[in-house]
Ligand code: ATR
């Protein structure tokens with residue numbers, strides 16, 4: 001059996017092993033897919049050990065998506081634009097990198113939630129690996145404008161530089177958030193909500209009658225931002241569970257050349273979260 005794994009920190013509660021096992025059963029494939037915990041300092045060695053033991057594919061989650069990008073010998077064009085990788089495929093003794101987060105998010109928002117992204121003014125909060133992964137796909141989906149704010153402004157600038165669309169994708173300072181106007185799409189791509197004490201204090205001026213608020217996190221990590229979105233009266237509030245399942249399906253397609261059905265495992269995970 002070929003070996004697969006997801007690398008991250010923390011990783012114990014990752015649903016990826018369960019999702020891929022479910023896809024594998026649906027498609028009649030026996031998979032060995034496990035979760036491997038690695039700190040930033042351990043990541044490269046852990047990945048090498050995995051490859052030495054027959055690892056042929058890996059998912060990469062926080063905080064390693066940019067490190068994974070840097071170690072790839074070849075990359076898909078969407079991964080190159082994102083500067084982040086969530087899917088590795090072994091080719092000989094090298095890694096080929098892809099990012100499926102962005103297409104996963106867009107598919108969840110358009111197909112599952114029936115949202116039309118075209119023409120939406122979009123605020124992206126955060127500029128880490130998750131933000132980088134979704135930004136190109138949002139631009140490709142036809143959003144009107146992408147405004148990125150991040151606690152560390154240099155990281156937001158780097159993200160925007162990588163997009164190469166200075167007319168449509170711009171950065172603003174966090175301190176100026178009250179002056180940004182309103183948005184039809186607001187995406188939390190920070191990991192701030194993973195801290196239990198987290199609270200989102202965003203101005204109501206960001207919200208209009210159309211606003212969809214999306215947290216790329218799910219479960220407890222999504223509570224703080226979605227609570228703000230509810231109190232702000234956002235029209236739609238979406239967490240990252242659908243994106244999680246859709247990015248997994250797209251990774252599965254890259255590895256096994258078959259696109260699995262996602263609805264059954266999505267419904268199962270949604271029921272567990274409730
Ligand atoms: P991921 O892969 O989930 O994006 P990451 O690359 O570590 O993980 O990025 C985390 C993101 O959350 C960054 O945008 C980070 O902001 P900085 O670039 O300033 O570090 C953001 N973040 C984390 N904790 C935060 C907090 N308490 N407040 C605001 N932003 C936070």
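For the stretch 139-161, residues that are touching a helix residue (DSSP H, G or I) at 6+ places or on another chain (Cβ under 7 Å) and more than 8 Å from the ligand (Cβ to nearest atom) total 6.
A quick yes/no check of all residues on (1) at pLDDT 95 or above; (2) crowded, with 20+ Cβ neighbours inside 10 Å:
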{"residue": "13", "(1), (2)": "no, no"}
{"residue": "18", "(1), (2)": "yes, no"}
{"residue": "39", "(1), (2)": "yes, no"}
{"residue": "45", "(1), (2)": "yes, no"}
{"residue": "56", "(1), (2)": "yes, no"}
{"residue": "76", "(1), (2)": "yes, no"}
{"residue": "79", "(1), (2)": "yes, yes"}
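Screening the candidates 121, 112, 107 for the property of being farther than 27 Å from residue 262 by Cα and either surrounded by 24 or more Cβ atoms within 10 Å (Cβ to Cβ) or away from the ligand (no atom under 16 Å from the Cβ) (or both) yields one hit, 121.
The residues in the stretch 173-218 that are assigned to a strand (DSSP E or B), under 16 Å from residue 128 (Cβ atoms) and in contact with a helix residue (DSSP H, G or I) (Cβ under 6 Å, 6 or more places away or on another chain) can be counted, and the count is 2.
Just to be sure, is residue 185 surrounded by fewer than 17 Cβ atoms within 10 Å (Cβ to Cβ) and on the phi < 0 side of the Ramachandran plot? Judged against the criteria, residue 185 is not a match.
The values are calculated or read from the model by the stated rules, or taken from the named source; none is laboratory data. All values derive from a computational prediction rather than experimental measurement. Positions of Cβ are generated from backbone atoms using ideal geometry, with glycine treated the same way; all protein chains shown enter the neighbour counts.
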